[in-house]
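What follows is a single structure, written as C-alpha coordinates, with notes after it.
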Amino acid sequence: MKAEKTPKIMQIISEEKIRQRVRELGKKISDDYAGKQPTILILTNGGIFFGVDLLRELKNIPARIECVRVSSYKSGTRSSGNPEIFGTLEPDDFADRDILIIDDIIDTGRTLKRIRDQVENFGAKSVRTCAFLDKPARREVNFYADYTGYEIDDVFVVGYGLDYAGSFRELPFVGKIC
Ligand code: IMP
Ligand code: MG
(Lines give C-alpha, C1' and ligand atoms only; values in the text may rest on other atoms or scores of the structure.)
(Ligands and ions follow the chains in the order given, each with its own letter.)
Protein backbone atom coordinates (compact mmCIF):
# COMPACT_ATOMS: atom_id res chain seq x y z
CA MET A 1 0.00 0.00 0.00
CA LYS A 2 1.27 3.46 -0.95
CA ALA A 3 1.94 5.67 2.09
CA GLU A 4 0.01 8.98 1.79
CA LYS A 5 1.79 12.09 2.99
CA THR A 6 -0.44 14.00 5.45
CA PRO A 7 -0.55 17.68 4.45
CA LYS A 8 0.22 20.38 6.99
CA ILE A 9 -2.72 22.66 7.73
CA MET A 10 -2.32 26.19 9.06
CA GLN A 11 -5.40 27.87 10.56
CA ILE A 12 -6.37 31.13 8.81
CA ILE A 13 -9.93 31.67 10.13
CA SER A 14 -10.78 30.58 13.68
CA GLU A 15 -13.99 28.95 14.84
CA GLU A 16 -14.87 32.17 16.69
CA LYS A 17 -14.35 34.34 13.58
CA ILE A 18 -16.51 31.95 11.56
CA ARG A 19 -19.32 32.12 14.13
CA GLN A 20 -19.13 35.91 14.32
CA ARG A 21 -19.27 36.39 10.53
CA VAL A 22 -22.08 33.85 10.06
CA ARG A 23 -24.10 35.72 12.71
CA GLU A 24 -23.55 39.04 10.85
CA LEU A 25 -24.55 37.49 7.52
CA GLY A 26 -27.62 35.92 9.12
CA LYS A 27 -28.72 39.30 10.40
CA LYS A 28 -28.16 41.04 7.05
CA ILE A 29 -29.99 38.31 5.12
CA SER A 30 -32.86 38.30 7.64
CA ASP A 31 -33.25 42.06 7.13
CA ASP A 32 -33.08 41.76 3.35
CA TYR A 33 -35.66 38.95 3.22
CA ALA A 34 -38.03 40.33 5.86
CA GLY A 35 -41.62 39.41 4.97
CA LYS A 36 -40.47 36.88 2.36
CA GLN A 37 -40.37 33.09 2.30
CA PRO A 38 -37.13 32.37 0.45
CA THR A 39 -36.00 28.99 -0.80
CA ILE A 40 -32.44 28.33 0.32
CA LEU A 41 -30.58 26.12 -2.14
CA ILE A 42 -27.48 24.61 -0.51
CA LEU A 43 -24.75 23.25 -2.78
CA THR A 44 -23.37 20.06 -1.29
CA ASN A 45 -21.13 18.67 -0.17
CA GLY A 46 -19.06 21.71 0.76
CA GLY A 47 -21.86 24.19 1.47
CA ILE A 48 -23.57 22.04 4.11
CA PHE A 49 -21.75 23.34 7.19
CA PHE A 50 -22.08 27.02 6.30
CA GLY A 51 -25.62 26.57 4.96
CA VAL A 52 -26.95 24.96 8.13
CA ASP A 53 -25.19 27.44 10.42
CA LEU A 54 -26.55 30.35 8.38
CA LEU A 55 -30.10 28.98 8.41
CA ARG A 56 -29.98 28.85 12.20
CA GLU A 57 -29.03 32.55 12.26
CA LEU A 58 -32.04 33.65 10.18
CA LYS A 59 -34.58 35.42 12.35
CA ASN A 60 -38.27 35.16 11.52
CA ILE A 61 -37.62 33.92 8.00
CA PRO A 62 -39.73 30.85 7.17
CA ALA A 63 -37.30 29.42 4.64
CA ARG A 64 -37.75 26.34 2.46
CA ILE A 65 -34.65 24.23 1.85
CA GLU A 66 -33.33 22.45 -1.24
CA CYS A 67 -29.95 20.78 -1.81
CA VAL A 68 -28.07 19.79 -4.93
CA ARG A 69 -24.71 18.11 -5.24
CA VAL A 70 -22.18 19.86 -7.47
CA SER A 71 -18.58 18.86 -8.00
CA SER A 72 -15.77 20.40 -10.00
CA TYR A 73 -12.79 18.88 -8.20
CA LYS A 74 -12.12 15.21 -8.76
CA SER A 75 -9.16 15.40 -6.39
CA GLY A 76 -6.26 17.76 -5.83
CA THR A 77 -6.40 21.53 -5.70
CA ARG A 78 -7.39 22.77 -9.15
CA SER A 79 -10.92 22.95 -10.51
CA SER A 80 -11.73 20.84 -13.58
CA GLY A 81 -13.33 24.00 -15.01
CA ASN A 82 -16.55 22.09 -15.60
CA PRO A 83 -18.79 21.81 -12.54
CA GLU A 84 -20.94 18.71 -12.72
CA ILE A 85 -24.45 18.71 -11.25
CA PHE A 86 -25.52 15.40 -9.70
CA GLY A 87 -29.27 14.90 -9.42
CA THR A 88 -31.95 17.18 -10.78
CA LEU A 89 -33.40 20.50 -9.81
CA GLU A 90 -37.20 20.58 -10.15
CA PRO A 91 -38.26 23.78 -11.96
CA ASP A 92 -41.46 23.96 -9.85
CA ASP A 93 -39.40 24.30 -6.67
CA PHE A 94 -37.88 27.52 -8.02
CA ALA A 95 -40.42 29.17 -10.34
CA ASP A 96 -41.93 32.38 -8.89
CA ARG A 97 -39.91 32.06 -5.67
CA ASP A 98 -37.15 34.11 -4.05
CA ILE A 99 -34.05 31.93 -4.18
CA LEU A 100 -30.84 32.23 -2.16
CA ILE A 101 -28.07 29.88 -3.31
CA ILE A 102 -25.40 28.97 -0.77
CA ASP A 103 -21.93 27.53 -1.32
CA ASP A 104 -18.72 27.25 0.69
CA ILE A 105 -16.35 29.17 -1.60
CA ILE A 106 -16.12 30.99 -4.93
CA ASP A 107 -13.02 30.15 -6.89
CA THR A 108 -13.30 30.38 -10.69
CA GLY A 109 -16.94 31.41 -10.23
CA ARG A 110 -18.20 28.71 -12.61
CA THR A 111 -20.19 26.66 -10.07
CA LEU A 112 -22.34 29.42 -8.61
CA LYS A 113 -22.76 31.09 -11.99
CA ARG A 114 -23.97 27.85 -13.58
CA ILE A 115 -26.48 27.12 -10.82
CA ARG A 116 -27.67 30.73 -10.67
CA ASP A 117 -28.24 30.80 -14.45
CA GLN A 118 -30.20 27.56 -14.25
CA VAL A 119 -32.40 28.76 -11.40
CA GLU A 120 -33.04 32.02 -13.28
CA ASN A 121 -34.10 29.96 -16.29
CA PHE A 122 -36.68 28.20 -14.12
CA GLY A 123 -38.42 31.57 -13.71
CA ALA A 124 -37.43 32.41 -10.13
CA LYS A 125 -38.80 35.71 -8.83
CA SER A 126 -35.35 36.66 -7.54
CA VAL A 127 -31.99 34.88 -7.28
CA ARG A 128 -29.18 35.83 -4.92
CA THR A 129 -25.98 34.00 -4.05
CA CYS A 130 -24.00 33.65 -0.86
CA ALA A 131 -20.58 32.05 -0.28
CA PHE A 132 -18.64 31.90 2.96
CA LEU A 133 -15.28 32.43 1.23
CA ASP A 134 -14.24 34.23 -1.93
CA LYS A 135 -10.95 33.98 -3.82
CA PRO A 136 -11.33 36.89 -6.29
CA ALA A 137 -7.81 36.42 -7.70
CA ARG A 138 -8.88 33.07 -9.19
CA ARG A 139 -11.98 34.27 -11.03
CA GLU A 140 -12.38 33.00 -14.62
CA VAL A 141 -15.95 34.15 -15.31
CA ASN A 142 -17.71 37.41 -14.54
CA PHE A 143 -19.44 36.45 -11.30
CA TYR A 144 -19.81 38.16 -7.92
CA ALA A 145 -21.92 36.88 -5.04
CA ASP A 146 -24.46 39.06 -3.26
CA TYR A 147 -23.16 37.98 0.17
CA THR A 148 -19.70 36.74 1.13
CA GLY A 149 -18.09 35.97 4.48
CA TYR A 150 -14.37 36.52 3.95
CA GLU A 151 -12.11 37.24 0.97
CA ILE A 152 -8.97 35.11 0.93
CA ASP A 153 -5.81 34.95 -1.17
CA ASP A 154 -5.18 32.32 -3.82
CA VAL A 155 -4.49 29.50 -1.35
CA PHE A 156 -6.13 26.09 -1.10
CA VAL A 157 -8.19 25.86 2.07
CA VAL A 158 -9.88 23.09 4.03
CA GLY A 159 -12.25 22.83 6.98
CA TYR A 160 -15.74 24.18 7.68
CA GLY A 161 -17.05 22.00 4.82
CA LEU A 162 -14.12 22.42 2.44
CA ASP A 163 -12.19 19.32 1.53
CA TYR A 164 -8.89 18.21 0.10
CA ALA A 165 -9.59 15.00 -1.89
CA GLY A 166 -12.55 14.24 0.39
CA SER A 167 -10.81 14.88 3.72
CA PHE A 168 -10.79 17.63 6.37
CA ARG A 169 -14.37 18.90 5.89
CA GLU A 170 -15.06 18.35 9.59
CA LEU A 171 -12.40 20.76 10.88
CA PRO A 172 -14.16 23.54 12.85
CA PHE A 173 -11.79 26.23 11.48
CA VAL A 174 -10.59 27.17 7.98
CA GLY A 175 -6.97 26.29 7.34
CA LYS A 176 -4.63 26.50 4.38
CA ILE A 177 -2.73 23.54 3.05
CA CYS A 178 1.03 24.19 3.37
P1 IMP B 1 -15.57 27.34 -8.74
O2 IMP B 1 -16.59 26.70 -9.60
O3 IMP B 1 -14.21 27.30 -9.38
O4 IMP B 1 -15.93 28.71 -8.24
O5 IMP B 1 -15.36 26.41 -7.54
C6 IMP B 1 -16.17 26.32 -6.50
C7 IMP B 1 -16.01 24.97 -5.85
O8 IMP B 1 -14.65 24.51 -5.87
C9 IMP B 1 -16.39 25.10 -4.41
O10 IMP B 1 -17.74 24.78 -4.25
C11 IMP B 1 -15.49 24.10 -3.73
O12 IMP B 1 -16.14 22.84 -3.70
C13 IMP B 1 -14.28 23.99 -4.62
N14 IMP B 1 -13.12 24.76 -4.12
C15 IMP B 1 -12.63 25.91 -4.62
N16 IMP B 1 -11.58 26.36 -3.92
C17 IMP B 1 -11.40 25.45 -2.92
C18 IMP B 1 -10.46 25.37 -1.83
O19 IMP B 1 -9.58 26.21 -1.61
N20 IMP B 1 -10.62 24.29 -1.02
C21 IMP B 1 -11.56 23.34 -1.19
N22 IMP B 1 -12.46 23.39 -2.20
C23 IMP B 1 -12.38 24.44 -3.05
MG1 MG C 1 -18.26 22.80 -3.87
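The values are calculated or read from the model by the stated rules, or taken from the named source; none is laboratory data. These figures come from a predicted structure and were not determined experimentally. Every residue, glycine as well, gets a Cβ built from its backbone with ideal geometry; the counts of neighbours run over all protein chains shown. Only protein heavy atoms, including side chains, enter the accessible area calculation; ligands, DNA and RNA are left aside. Shrake-Rupley method; radii C 1.70, N 1.55, O 1.52, S 1.80 Å.
Some notes on this structure:
- Anisotropy class of region 1-42 from Cα gyration tensor, a/c 1.5 cut: oblate
- Using a probe of 1.4 Å, the accessible surface attributed to residue 132 totals some 0 Å² when neighbouring protein chains are kept in position.
- Helical runs (DSSP H, four residues minimum) scored at -39500 (n - 2.57) apiece and divided by the length of the chain put the mean residue ellipticity at 222 nm at -7000 deg cm²/dmol.
- Accessible surface comparison of 71, 167, probe 1.4 Å, protein chains only, largest first: the order is 167, 71.
- Sequence-separation-based contact order of region 1-156, relative, with Cα cut under 8 Å and 6+ spacing, percent: 19
- Taking a point 7 Å from the Cα of residue 95 along the Cα-to-Cβ direction, the residues of region 21-62 with backbone N closer than 18 Å to it are 39.
- Distant-in-sequence amide contacts of residue 164, defined by a placed amide H-H separation under 5 Å and a gap of 5 or more residues or a different chain, comprise 169.
- In this structure, residue 170 and residue 150 have a Cβ-Cβ separation that, at R0 = 25 Å, corresponds to a calculated FRET efficiency of about 0.80.
- Relative contact order, whole percent, for region 90-178 stands at 24, derived from Cα pairs under 8 Å and 6 or more residues apart.
- Shape of region 62-178, Cα gyration tensor, a/c cut at 1.5: prolate
- Using the average count of surrounding beta-carbon atoms within 10 Å as a protection proxy, the listed peptides 51-64, 105-118 rank, highest first, as 105-118, 51-64.
- Once both labels are positioned 7 Å from their Cα atoms along Cα-to-Cβ, the gap between residue 23 and residue 126 label points is 2.6 nm.
- Computed about the Cα centre, the dipole magnitude for region 95-178 is approximately 140 debye when only Lys and Arg (+1) and Asp and Glu (-1) carry charge, each at its Cβ.
- Mean-position separation - Cα centroids, region 156-178 and region 107-125, in angstrom: 25
- Each residue, residue 11 and residue 84, gets one label point 7 Å from its Cα in the Cβ direction; the gap between the two is 3.6 nm.
- Taking amide H positions as modeled 1.01 Å from N, with prolines and chain starts lacking one, the residues under 5 Å from residue 39 and 5 or more places away or on another chain are 64, 98, 99, 100.
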